[in-house]
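The values are calculated or read from the model by the stated rules, or taken from the named source; none is laboratory data. Because the structure is a prediction, the values reported are computed rather than measured. So basically every Cβ, Gly included, is an ideal-geometry build from the backbone, and we count neighbours across all protein chains shown. To get the accessible areas, we keep the full protein, side chains included, count just its heavy atoms, and leave off ligands, DNA and RNA. Shrake-Rupley method; radii C 1.70, N 1.55, O 1.52, S 1.80 Å.
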Amino acid sequence: MFRNFEISKMMESYAFGTAQFSGKYGITNKTGILLKKEVIKILKYLKKKKIYHIDTSTDYKQADQKINSIKFRKWKIITKINPNIVQKLKTHQEIQNKIENILDLHKKKLGVKKIHCLLLRNEKYLMKKNSKNLFLALKNLKKKNYFQKFGYSIYSFKNLKKLFNIFHPDVIQCPFNIFDRRLINTENYTFLKKNKVEIHVRSIFLQGLLLSDIKDLPKKFKNWNNHFKKWDQWAQNSGLSKLDICVNYPNSIPLIKRIIFGVENFNQLKQILNVKKKKIICPKYLETNDKKLIDPS
């Protein structure tokens, strides 16, 4: 019974990322865009495992219809919009109308009644003068139940406190993995915990790099061969697979509420969801702040 409870709690923490439904996402991705037949298998399996949180974006042009292909209205949609789409609009009402139209169309294509969480990406735009009108529009939309939660999708923590001063979020989505631990440095961890923000993490496999054999790394990552060798050696010594470690490490951080992952095919999904829960403590020497490595974009 306890074992089943642990598995259930792990499943509850997952959100499925759908970037691969629309494009070739991931540095090591050799599959390309997932075909509808494979998507249906994936979605049905997620539903069977009671994983209802789906992470998507209004920019994933082919994803909406694919998500809607099994006609399941209970998906908890976490979606992202780029605030650049409203940068030429002057009033909060114009911005509100624009975002309303985008979300109405998005919901229709997805086949859902509401958006669970709306995230803003591109934090540079959020620091501009017109941001006050944008956030007023978002406040109104939240009151109208266009979404239950609001937050930011960030790549760095540089402007974190400034963003909170402009509009306090319910959710922050950020990268986190064995190499990239900026989320849990003392300053960021303390600040987010104090402000009671729900944390979602992505890039737990560093776009597939953390699961790759050293010999298969793209040439542009050869400069970090020594770092990958240390990771490879530590993983071998742990007695666990790289997949086990990458999935369980964020599950070992109490602050993290939701873990977002994507797959290249159905078999990868089954492998991830079959990972058994373990407490992971990673050595400090595997951490790096080298942005050229931890931000592959």
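For the reader, a short list of remarks on this structure follows.
- Contact map, region 271-297: first residue in contact (Cβ under 8 Å) with a residue 60 or more places away in the chain and farther than 20 Å from K220 by Cβ, second residue outside any helix (DSSP H, G or I) and open to solvent by 60 Å² or more (accessible area, probe 1.4 Å), Cβ cut-off under 9 Å, separation 6 or more or different chains; pairs are L273/K49.
- Among the criteria (1) open to solvent by less than 10 Å² (accessible area, probe 1.4 Å); (2) under 24 Å from Y14 (Cα atoms), the one I256 does not fulfil is (1).
- Number of the exception - V197 against (1) farther than 21 Å from K49 by Cβ; (2) open to solvent by 40 Å² or more (accessible area, probe 1.4 Å): (2)
- When Q271 is tested against (1) open to solvent by 40 Å² or more (accessible area, probe 1.4 Å); (2) closer than 22 Å to F228 by Cα, exactly one condition is not met: (2).
- Boolean, K36 is at pLDDT 95 or above, open to solvent by 90 Å² or more (accessible area, probe 1.4 Å) and not small (G, A, S): no
- The residues of region 157-183 that are under 16 Å from the mean Cα position of the chain (by Cα), among the polar types (S, T, N, Q) and closer than 17 Å to P83 by Cα amount to a single one, Q173.
- Filtered by the rule that a residue be without any contact (Cβ under 8 Å) to a residue 24 or more places away in the chain, over 23 Å from Y45 (Cα atoms) and either in contact with a Phe, Trp or Tyr (Cβ under 7 Å, 6 or more places away or on another chain) or not small (G, A, S) (or both), region 224-269 gives N225, N226, F228, K229, D232, Q233, Q236, N237, P254.
- Subset of region 85-102 (residues that are polar (S, T, N, Q) and closer than 17 Å to E123 by Cα): Q87
- Residue in region 100-119 that is in a helix (DSSP H, G or I), farther than 26 Å from Q65 by Cβ and open to solvent by less than 70 Å² (accessible area, probe 1.4 Å) present: no
- Residues of region 274-294 classified as over 23 Å from F228 (Cα atoms) and surrounded by 14 or more Cβ atoms within 10 Å (Cβ to Cβ), total: 1
- Of all residues in region 47-66 being at pLDDT 95 or above and surrounded by 22 or more Cβ atoms within 10 Å (Cβ to Cβ), the one that is farthest from N251 (Cα to Cα): T56
- Entry remark, region 144-194: residues being among the polar types (S, T, N, Q) and under 18 Å from P254 (Cβ atoms) number 6 in total.
- Taking first residues from region 118-138 that are closer than 13 Å to K80 by Cα and partners that are part of a helix (DSSP H, G or I) and of a type outside the set (F, W, Y), the Cβ contacts under 7 Å between residues at least 6 apart in sequence or on separate chains come to L120/P83; L120/L126; N122/P83; N122/N84; E123/L163.
- Of the residues making up region 135-149, none is open to solvent by less than 30 Å² (accessible area, probe 1.4 Å), small (G, A, S), within 16 Å of I281 (Cα to Cα) and part of a helix (DSSP H, G or I).
- Residues of region 178-221 classified as part of a loop (DSSP other than H, G, I, E, B) and of a type outside the set (D, E, K, R), total: 14
- Sole exception among (1) touching a strand residue (DSSP E or B) at 6+ places or on another chain (Cβ under 6 Å); (2) surrounded by fewer than 18 Cβ atoms within 10 Å (Cβ to Cβ) for I154, by number: (2)
- Hits in region 231-283 (condition: within 16 Å of F176 (Cα to Cα), among the charged types (D, E, K, R), in contact with a helix residue (DSSP H, G or I) (Cβ under 7 Å, 6 or more places away or on another chain) and part of a helix (DSSP H, G or I)): K242
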